[in-house]
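Here is the structure we will look at, set down as structure tokens.
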Amino acid sequence: GTRSYLEQYEEKEKKVTIAEYMDEWERTHPSIEANEVETVAAADDIQYGDPSGLDFSDEESQMLLKLAMAEAENQGVIGKALVICVVKNRVDSEAFPDSIEDVIYEPKQFSPVWDGRYDEAVPDAECYEALEWVLNYWDGSAGALYFEADYNTNDWHRENLRKLFQYGDMIFYE
């Protein structure tokens, strides 16, 4: 049978652009008409695709790149982009601090920050590509505010949060 985009991507048989990824996403996910999107956005007063909302400073970008590497080193571009999206979602949430730095350094939130992997992380090319995707409005996070490795033995996430989806070894929650 025909292999999915993700299978092709993960096997690294093909370098995929954001546009190609989005075309595949739109082809495989239910969609609504463009005018419906505008109506919903207007009704909820959403700033849809506002560039000013995604302008990270160099320092913020470096923090996001290092966290993506430390948390999702073996999860490909998509896994790394999802980590960045979770940080962005937290900054936008009333339940978390209002800055990227404060979200990343909030005590007991991201294990690489307190076990030293964050400080040692050297972002790879996939991290930079993931950041570029997020800066170009890619967001496959479904609003996730938390994630964990699927091999995590601590039950806190499963017992206290609603699971949204799993990507690779990572389970995402709200």
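Considering only DSSP states other than H, G, I, E and B, which chymotrypsin sites (Phe, Trp or Tyr not before Pro) in the stretch 106-173 qualify as loop sites with at most 16 other Cβ atoms within 10 Å?
Tyr137, Tyr151
Enumerate by residue number the trypsin sites (Lys or Arg not before Pro) in the stretch 82-152 meeting two conditions: DSSP loop (anything except H, G, I, E, B), and at most 11 other Cβ atoms within 10 Å of the site's Cβ.
On the way: sites: Lys88, Arg90, Lys108, Arg117; in loops: Lys108.
Passing both the DSSP loop test and the Cβ count: Lys108.
Roughly how many Å is it from the Cα centre of the stretch 117-174 to that of the stretch 55-83, as a whole number?
Result: 10 Å between the Cα centres.
How far, in nm, would the chain grow between Lys163 and Asp102 when pulled straight, counting 0.36 nm per residue and subtracting the alpha carbon separation?
Full-extension gain reported as 19.5 nm.
Non-local amide H neighbours of Tyr146 (under 5 Å, H modeled in plane, Pro and chain starts lacking H): which ones?
Under 5 Å from the amide H of Tyr146 lie the amide H atoms of Tyr173, each far enough along the sequence or on another chain.
I'd like the Karplus ³J(HN,Hα) series for the stretch 103-116: coefficients 6.51, -1.76, 1.60, θ = phi - 60°, whole numbers in Hz, and an x wherever there's a Gly or Pro.
So the Karplus estimates, Gly and Pro as x, are 5, 5, 8, 4, x, 6, 9, 10, 4, x, 5, 9, 9, x Hz.
Counting only residues 5 or more places away or on other chains, whose amide H sits under 5 Å from the amide H of Met170 once H atoms are built in the peptide plane?
Asp150
Compute the signed sum of charges (Lys and Arg +1, Asp and Glu -1) over the other residues within less than 11 Å, Cβ to Cβ, of Glu148.
Once all neighbours under 11 Å are counted, the net charge is -2.
Would you kindly derive the ³J(HN,Hα) couplings of the stretch 152-163 from the backbone phi angles with the Karplus curve 6.51 cos²θ - 1.76 cosθ + 1.60 (θ = phi - 60°), listing them in order in whole Hz, with x for Gly and Pro?
4, 8, 6, 8, 4, 4, 5, 8, 10, 10, 9, 5
Please list 3J(HN,Hα) in residue order for the stretch 124-131, calculated via the Karplus relation 6.51 cos²θ - 1.76 cosθ + 1.60 where θ = phi - 60°; whole Hz, with x for glycine and proline.
Computed from phi, the couplings for the stretch 124-131 are 9, 4, 5, 4, 5, 5, 4, 4 Hz.
Of the trypsin sites (Lys or Arg not before Pro) in the stretch 130-174, which ones lie in a loop per DSSP and count no more than 15 other C-beta atoms within 10 Å?
Taking the stretch 130-174 and a limit of 15 other Cβ atoms within 10 Å, the loop trypsin sites (Lys or Arg not before Pro) found are Arg162.
What distance in nm lies between label points placed 7 Å from Cα along the C-beta direction at Glu59 and Val122?
2.5
Could you tell me what percent of the accessible area of the stretch 54-114 is made up of carbon and sulfur, with a 1.4 Å probe and every protein chain present?
C and S atoms contribute 42 percent here.
Starting from the Cα of Ala149, step 7 Å along the direction of its Cβ; do the same at Glu132; then give the gap between the two resulting points in nm.
Distance between label points: 2.9 nm.
Would you tell me the accessible area of Asp139, worked out with a 1.4 angstrom probe on the heavy atoms of the protein chains, in Å² to the nearest 10?
Its heavy atoms expose roughly 70 Å² to the probe.
The values are calculated or read from the model by the stated rules, or taken from the named source; none is laboratory data. A quick note: this is a predicted structure, and the numbers were derived from the prediction, not measured. With ideal geometry, Cβ positions are generated from the backbone for all residues, glycine too; neighbour counts draw on all protein chains shown. For accessibility, only protein heavy atoms count, side chains too; no ligands or nucleic acids. Shrake-Rupley method; radii C 1.70, N 1.55, O 1.52, S 1.80 Å.
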